Structure formats: C-alpha cells, structure tokens
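Written below as structure tokens is the structure these notes are about.
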Amino acid sequence: MRRLFPVTDETSAGALDRGERAGEWSLAELAAAYAYPTSGDGGPRTWLRANMVSTLDGAAQHDGRSQPVSCAADMRIFGTLRALADVVLVGAETVRQEGYRPARARTEFAAAREAAGQGPAPAIAVVSAGLDLDFSLPLYTSPLVPTVVLTGADAPADRVAAAERAGARVVVAGEGRRVDPVRAVEALAGLGYVRQLTEGGPRLLGQLVAAGVLDELCLTLSPMLTAGDAQRIAGGPGVSVPRRFALASLLEEDGFLFGRYRRP
C-alpha cells in the first residue's frame, strides 16, 4: 500500500517510482491514517463516517453482496475502521443480506480501545422501522456489547418486546415508523457512542446524506466493471443541491484506491 495524497516526501514522484512505502501496512499505520478527529479539548467528538466500496461503473454490490467487489486490503481497512469505532450503524436489509454478526474483540486493538475509554468491541446499531428481524440470531442474543435497535415511536409493540427479550437495546429515534437520521445520530451520541461508523446499505446511506449528518466518506474504488443494475453506494431521493466533500487522503494497493472525503 502507498499513500498518494496528501503529498509528502514519501509520496513524491521519485519516491513512488522507487516503490517506497509499498507493501502491506501494519494495523497501527492504518489506525493512524484513519484516526477520528478530536474536539478542541482533545477528547472525542461526535463524528459519523461511512465505509463503502464501489466498482468503476458505480456498483456497490454484485449478486446482492459487497464482498465480490472488495479485496484483502479493503477488508483490512474495514476491520480497522470497526476497531476505531464506538458503534457501527447499519440498515436492516443489509443486516439480512450480509448476514451480520456481532463485532468481535481484536487483541491487536485492545490496548488502544482501553486507552480511548472504549469497550472491547463496537456496538452494532440496526436501523429498522418494522423490526422485521430475526432476534434469535447471535447479533442480538450474544454480542460483547448489547446491540442497539433504532426504530420509530410506532414500531410494533410485540416486535419491540421480542427485541428486548433477546437482549437488544431498543431506542426510539423518530415519529411514526420512521427513523430520523438526525435523531439516530444524537441518540447514539447520547449513549456515549460518538465515534460512529455506518456500513450502509445504500438506502440508509442515502438517508444520512439527505439529512446532512454524514461527516466523512471512506470510499474504496474497485478496479472492476460489473454492468447490470446493482445499487450505487447511496440510494433514495436526491438532494436539491449536490453536497461537496473534500479529499482528505488517498491510498492505493493493487489498483484499488482508498479515499477519505470529509465535509468542509
């Protein structure tokens, strides 16, 4: 892996020609490259970042899953971003399609998480209006940190009870059966989960973009073409004016580009 931006002595044209900083980065190097921003007093601030992958022709999935358009380096970054986060925010459909399990504790990050005042692993927060979820799965019954279920005030009472019996923490973050993205971010921060990461899917990411609550996008550009009608990384209604983000960093390995874009 090599850093293409920001430009430093290591990323100058001569250094790149010589292949300097090529090779697999350590997890500590990746963690430093993707560190969350801090507040004015040096403590954590509420910050929502997304991590998504897209092919050259804009597909976020192949055959309904993101793994076929990913790579080993992308998965290392995926694991690092999870290890840095307090909570992973994900839509119910993505939970079902990707077979989500509880986040695991990783010994490589244990000391850093303890020093940052974090638990052994990030919590998973599932956004679901109708709570059409299988609460018998390990994601709800046996996580290291209780799974959060974000739903609306009019969610079916029997499904709320089923979630709570399984051990999930149900949080109302919207009126009716709708989850309000602004309230979801605020509710998670209220639980102490300020370093927030969303892994989509496209419908949830589109809602977060439309609500203006996304602070950062970590985008893997996969050097693949799939054609077809796969979803983009963000779906749903468009915004009235395109939201401009600024490039914060760009890494490369085996033709895959790993960009970080931040809201100015």
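So that you can scan it fast, the table gives a plain yes or no per residue for (1) of a type in the set (Ser, Thr, Tyr); (2) without any contact (Cβ under 8 Å) to a residue 40 or more places away in the chain; (3) within 26 Å of Asp63 (Cα to Cα); (4) touching a Gly at 6+ places or on another chain (Cβ under 8 Å):
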position	(1), (2), (3), (4)
Leu221	no, no, yes, yes
Asp229	no, yes, yes, no
Gly236	no, yes, yes, yes
Phe245	no, yes, no, no
Glu252	no, no, yes, no
Arg263	no, no, no, no
Task: Any pair with Cβ under 7 angstrom, 6 or more apart, that starts in the stretch 69-93 at a residue that is surrounded by fewer than 19 Cβ atoms within 10 Å (Cβ to Cβ) and ends at one that is in a helix (DSSP H, G or I) - done: Arg76/Leu30; Glu93/Arg203
TODO: Being of a type in the set (A, V, I, L, M) and either over 24 Å from Gly79 (Cβ atoms) or in contact (Cβ under 8 Å) with a residue 40 or more places away in the chain (or both) is the filter here, so list the residues in the stretch 127-148 that pass it.
DONE: Val127, Ala129, Leu131, Leu133, Leu139, Leu144, Val145, Val148
TODO: Collect the residues in the stretch 106-129 that are farther than 30 Å from Arg177 by Cα, out of contact with any helix residue (DSSP H, G or I) (no Cβ under 8 Å at 6 or more places or on another chain) and aliphatic (A, V, I, L, M), keeping them in residue-number order.
DONE: Ala110, Ala111, Ala115, Ala116
Open item on the list: under 26 Å from Phe135 (Cα atoms), under 18 Å from the mean Cα position of the chain (by Cα) and surrounded by fewer than 18 Cβ atoms within 10 Å (Cβ to Cβ): is that true of Gly176 in this structure?
Closed with: no
Open item on the list: Anything in the stretch 177-199 that is closer than 23 Å to Pro264 by Cβ and either in a loop (DSSP other than H, G, I, E, B) or acidic (Asp, Glu) (or both)? List them, or say none.
Closed with: Glu186, Val194
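Would you call Ala123 among the aliphatic types (A, V, I, L, M), open to solvent by less than 30 Å² (accessible area, probe 1.4 Å) and more than 19 Å from Leu204 (Cα to Cα)?
Details: among the aliphatic types (A, V, I, L, M): yes; open to solvent by less than 30 Å² (accessible area, probe 1.4 Å): yes; more than 19 Å from Leu204 (Cα to Cα): no.
Judged against the criteria, Ala123 is not a match.
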- [ ] Working only within the stretch 199-258, note down all residues that are open to solvent by 50 Å² or more (accessible area, probe 1.4 Å), of a type in the set (S, T, N, Q) and within 16 Å of the chain's Cα centre (by Cα).
- [x] Gln207
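The values are calculated or read from the model by the stated rules, or taken from the named source; none is laboratory data. It should be emphasised that the depicted structure is a prediction, and the values quoted were computed from it without experimental measurement. Using ideal geometry, Cβ is built from the backbone for each residue, glycine included, and neighbour counts are taken over all protein chains shown. When the accessible area is computed, the model is the full protein with side chains, heavy atoms only, and any ligands, DNA or RNA have been set aside. Shrake-Rupley method; radii C 1.70, N 1.55, O 1.52, S 1.80 Å.
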